Amino acid sequence: MKTLRILTTVLIACMLTLTSCERDDDFTQDNPDIPDDTVIVDDPNDTGNLDQFFGAAATRSFFGQVVDENNNGISGALVAVGAQTVFTDSNGIFSVQDASVNEQFAYLRVTASGYVTSGRALRPTDSTNRIKLMLLSADVTATVTSGVPETVQLGNGASVALPGDYIDGNGNPYAGTVDVILDFLDPASQDLDAVMPGMLYAEDVAGDEVYLETFGMISVELRDASGNELNIDPNSPAELRFPLDPALQGIAPATIPLWSFDDTLGYWIEDGEATLQGNEYVGQVSHFSFWNCDAPFPVVDFCTTVLDDNGNPLANTTVHITSPNTPYPRSGITDQNGQVCGKVPSGLTMTIEVVDLCGNAVFSDVIGPFAAAVTYGPISVIPGSSTSQQVVGNFDDCSNVDITDGYVVLEYAGNTFYEPVTAGTFDINLISCPASNVFTLEAIDIINQQSSGVINYTFTPPTTDLGTITSCNAVTEYIEWEIEGVQHFLTSPINTFDNGDAFSINASNGNDFFYMSSSDNTVGTYVWGNGIQAPPGSFEMEMFELLSQSDVDYNAPINITFQLNAFGAVGDYIDITFTGTYTDNSAAVQPVSGSLHVLRD
């Protein structure tokens with residue numbers, strides 16, 4: 001039996017048609033499992049009726065990650081949206097700019113060798129839409145033989161009864177062994193949204209759009225010994241059994257519609273019904289895909305914006321909406337403008353909730369019922385014991401040129417945030433937990449496949465300015481700073497000196513010279529300029545000099561604040577950020593800021 005280990009959730013994305021599948025060489029490495037000349041075309045039998053609800057054509061951007069069941073990034077997954085296709089990088093990250101979708105609906109179809117095909121649908125916002133999609137591994141649950149009726153069952157009670165009649169990809173009868181890949185998606189999982197295909201949006205038998213409340217999903221894939229896809233003969237239906245969560249038994253109807261996910265259209269289509277028998281739903285299906293036992297509701301389009309108590313947009317923030325028909329909320333993640341959009345049931349009173357990274361509710365309200373599209377809010381979050389954090393910085397390559405295609409990875413309190421970089425800058429907003437104020441960040445240049453390495457930082461609310469981060473393949477340590485609008489960058493050799501009484505860092509390249517040291521003579525403990533104590537590594541500026549610009553008035557105050565983010569053992573990293581002002585020889589006050597990522601000698 002497979003056990004789903006789903007760690008995070010997000011809202012959803014869209015693709016209306018899949019045309020030529022051209023690899024974007026500027027984004028990732030080649031994928032050996034998918035030929036460059038692969039062509040994905042629409043199934044002419046898929047003529048869904050919901051495009052009338054999708055609104056006008058639009059261009060939208062998407063940024064996200066494809067992960068496996070252990071939450072590890074999947075490299076080389078093919079992500080298709082509109083007419084664009086890209087492959088994920090080594091972290092499972094993808095970026096699609098200006099894809100042709102619709103104002104009210106977008107769909108991303110995702111395939112990867114060794115995984116069950118899936119996709120994500122959403123109502124896209126005007127900003128970059130964030131997506132995280134978990135693929136189920138295509139592990140064989142059982143192997144059966146054609147011509148023999150057999151039942152394959154998981155430990156949780158989910159099962160498929162196979163009549164023994166199969167067809168190949170061309171619709172011809174198939175004889176031989178059949179590998180069965182069976183998965184059950186439990187609606188009780190708070191992270192169901194990360195792994196289910198599409199979103200809970202469907203076309204009913206009348207051709208109308210509806211919202212679904214799921215009572216359980218089953219995925220079945222059949223393959224021959226060579227991995228080619230098979231299906232059951234439509235004239236010999238199979239029986240699916242969906243175990244019912246105990247929390248739903250009081251509200252579960254005696255019969256419920258069955259819905260099949262169309263992975264070309266990107267939404268669910270009503271197809272048959274299931275009957276409640278004891279503690280499970282039982283229904284027959286004539287083909288295999290993801291199948292869903294769901295109660296349908298009419299829908300309306302819904303958007304909201306989440307702001308902090310200073311009116312700044314909160315990105316990467318989870319929003320839950322719960323209806324009275326199910327104990328399980330559906331969730332979305334705000335974009336960098338603090339916005340999240342989707343479809344919600346019309347005519348129902350619901351609860352909306354915003355949670356921080358610790359799972360604490362920082363906002364809750366009763367909303368609805370709604371009869372038409374609605375923009376709710378904006379929501380103003382009062383953090384309480386949590387803190388609204390903004391992390392900003394610049395991202396350059398080795399030549400101090402802005403990165404135009406990259407991203408940064410921020411790790412905090414067991415959570416990972418990915419922020420795209422398209423014009424050399426990044427701006428991450430989140431609600432932190434009171435237990436910790438330390439985070440790490442890595443900047444990745446997609447085009448050149450270079451990284452800054454993982455750097456340690458400390459939140460300095462309300463805004464933590466990281467200065468300029470640089471990525472170079474050969475660079476293991478660096479010092480960067482900006483003075484009077486001019487950027488400077490020094491790499492190895494960078495020297496550190498510690499004799500127990502004093503500590504210093506210095507480097508030069510013949511043009512620039514950098515020197516920083518402690519000035520406290522107490523053995524074993526050095527006091528940082530802002531009062532933070534650390535053993536050792538608390539520095540005060542004694543000299544900051546550019547040989548090409550030696551105009552520092554050392555008799556005037558040098559008001560520079562330093563933040564010691566990490567002080568590793570010998571061979572590990574010292575991470576420091578600093579910002580402030582100095583006075584030049586003409587009595588003008590000049591700004592200076594920078595950061596160090598230096599190996600301790």
Exercise for review: Please work out which residue is modelled with the highest pLDDT, limiting yourself to the stretch 276-312 and to residues that are of a type in the set (Asp, Glu) and out of contact with any Cys (no Cβ under 8 Å at 6 or more places or on another chain).
Suggested key: 280
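Looking only at the stretch 126-146, filter to residues that are open to solvent by 60 Å² or more (accessible area, probe 1.4 Å) and either in contact (Cβ under 8 Å) with a residue 40 or more places away in the chain or in a loop (DSSP other than H, G, I, E, B) (or both); which one of those is farthest from residue 167 (Cα to Cα)? Before the answer, list the steps.
From the stretch 126-146, those open to solvent by 60 Å² or more (accessible area, probe 1.4 Å) are 126, 139-140, 143, 145; that's our starting set.
Narrowing the set further to residues that are either in contact (Cβ under 8 Å) with a residue 40 or more places away in the chain or in a loop (DSSP other than H, G, I, E, B) (or both) leaves 126, 139-140.
Details: 126: 44, 139: 21, 140: 19 Å.
Restricting to residues being open to solvent by 60 Å² or more (accessible area, probe 1.4 Å) and either in contact (Cβ under 8 Å) with a residue 40 or more places away in the chain or in a loop (DSSP other than H, G, I, E, B) (or both), the top hit is 126.
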Point to revise | Tally, over the stretch 271-326, of residues that are more than 18 Å from residue 214 (Cβ to Cβ), in a strand (DSSP E or B) and among the hydrophobic types (A, V, I, L, M, F, W, C) | key: 6
Exercise for review: Have a look at 273, 239, 203 and point out the one that is over 23 Å from residue 156 (Cα atoms), open to solvent by 10 Å² or more (accessible area, probe 1.4 Å) and at pLDDT 90 or above.
Suggested key: 203
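Report the residue count in the stretch 48-85 for those that are among the β-branched types (Val, Ile, Thr), farther than 12 Å from residue 418 by Cβ and under 16 Å from the mean Cα position of the chain (by Cα).
Pass one, the stretch 48-85, residues among the β-branched types (Val, Ile, Thr): 59, 66-67, 74, 79, 81, 85.
Adding the requirement that they be farther than 12 Å from residue 418 by Cβ leaves 59, 74, 79, 81, 85.
Subsequent filtering for residues that are under 16 Å from the mean Cα position of the chain (by Cα) retains 74, 79.
So the count comes out to 2.
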Study note, to complete from the structure: Selection over the stretch 112-125 where residues are open to solvent by less than 30 Å² (accessible area, probe 1.4 Å) and not in a loop (DSSP other than H, G, I, E, B) yields a count of 5
Check your understanding: Only one of (1) in a strand (DSSP E or B); (2) on the phi > 0 side of the Ramachandran plot; (3) of a type outside the set (A, V, I, L, M, F, W, C) is not met by residue 359, so which one is it?
Key -> (1)
**Study point:** Any hit, the stretch 186-196, residues being farther than 26 Å from residue 269 by Cβ and open to solvent by less than 40 Å² (accessible area, probe 1.4 Å)
**Key:** no
Review point. If you go through the stretch 431-450 one residue at a time, how many are part of a strand (DSSP E or B) and either modelled with pLDDT under 80 or open to solvent by 40 Å² or more (accessible area, probe 1.4 Å) (or both)?
Key: 4
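If I ask for residues that are among the hydroxyl-bearing types (Ser, Thr, Tyr) and either at pLDDT 90 or above or over 16 Å from residue 78 (Cβ atoms) (or both), which ones from the stretch 112-147 would you list?
115, 117, 118, 125, 127, 128, 137, 141, 143, 145, 146
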Check your understanding: So which residues in the stretch 185-203 are part of a strand (DSSP E or B) and either within 13 Å of residue 135 (Cα to Cα) or under 16 Å from the mean Cα position of the chain (by Cα) (or both)?
Key -> 185, 198
Review point. Looking at the stretch 555-591, which of the residues that are among the aliphatic types (A, V, I, L, M), open to solvent by 50 Å² or more (accessible area, probe 1.4 Å) and modelled with pLDDT of 80 or more is nearest to residue 456 (Cα to Cα)?
Key: 570
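The values are calculated or read from the model by the stated rules, or taken from the named source; none is laboratory data. Everything quoted here is computed from the prediction, not taken from an experiment. Don't worry about glycine lacking a Cβ; one is built from the backbone with ideal geometry, like all the others, and counts go over all protein chains shown. Accessible surface is based on the protein model in full, side chains and every heavy atom, while ligands, DNA and RNA are left aside. Shrake-Rupley method; radii C 1.70, N 1.55, O 1.52, S 1.80 Å.
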